[in-house]
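The values are calculated or read from the model by the stated rules, or taken from the named source; none is laboratory data. Note that the structure is a prediction, hence the values are computed from the model and not measured. In this analysis, Cβ positions are derived from the backbone assuming ideal geometry, glycine residues included, and neighbour counts consider all displayed protein chains.
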């Protein structure tokens, strides 16, 4: 499978998730990653200006970042909560913004489908992507000097 994405005029792509992770790690180290996330947010916000995108710090949540899609939660806004203590929280927030973009575009085309998390979906996801996330976590742990 080919992967290709353009983040703030930086081309990221590859044949595997591992290739994407390596490239994303280099982008994470860039000085303007905050600006890149803001640009992604602004681009998505322009799709539905009436639904603001709100970021919220939450160090007590069990995940690095979490999207709450406004229409699914009965709110007039979308919320992305994130763990500010996580070194790469901007990357996690950008990941949730990509989900928000997909949900928003699908809703605008009346093709949105609600995905519910359950044990079977978690098992399937971990079988498919678990090793890639373990390698990212290990690389982040070593890079942060915690080893």
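Of the numbered criteria (1) exposed (fewer than 13 other Cβ atoms within 10 Å of the Cβ); (2) touching a helix residue (DSSP H, G or I) at 6+ places or on another chain (Cβ under 9 Å); (3) assigned to a helix (DSSP H, G or I); (4) modelled with pLDDT of 85 or more, the one residue 76 fails is (3). Looking only at residues of region 99-118 that are assigned to a helix (DSSP H, G or I) and without any contact (Cβ under 8 Å) to a residue 24 or more places away in the chain, we find that the one that is nearest to the chain's Cα centre (by Cα) is 102. The set of residues in region 1-25 being in a helix (DSSP H, G or I) and either at pLDDT 70 or above or touching a strand residue (DSSP E or B) at 6+ places or on another chain (Cβ under 8 Å) (or both) consists of 17, 18, 19, 20, 21, 22, 23, 24.
Output yes when any residue across region 85-97 is surrounded by fewer than 13 Cβ atoms within 10 Å (Cβ to Cβ) and modelled with pLDDT under 90, and no when none is. Spell out how you get there, then give the answer.
Filtering region 85-97 down to residues surrounded by fewer than 13 Cβ atoms within 10 Å (Cβ to Cβ) leaves 85.
Retained after the next criterion (residues that are modelled with pLDDT under 90): 85.
Yes, region 85-97 contains a residue that is surrounded by fewer than 13 Cβ atoms within 10 Å (Cβ to Cβ) and modelled with pLDDT under 90.
Within region 52-62, the set of residues being out of contact with any strand residue (DSSP E or B) (no Cβ under 6 Å at 6 or more places or on another chain) and touching a residue at least 24 places away in the same chain (Cβ under 8 Å) comprises 52, 57, 59.
Taking the stated definitions as given, is residue 82 surrounded by 17 or more Cβ atoms within 10 Å (Cβ to Cβ), modelled with pLDDT under 90 and over 22 Å from residue 128 (Cβ atoms)? When the stated conditions are applied, residue 82 does not pass them.
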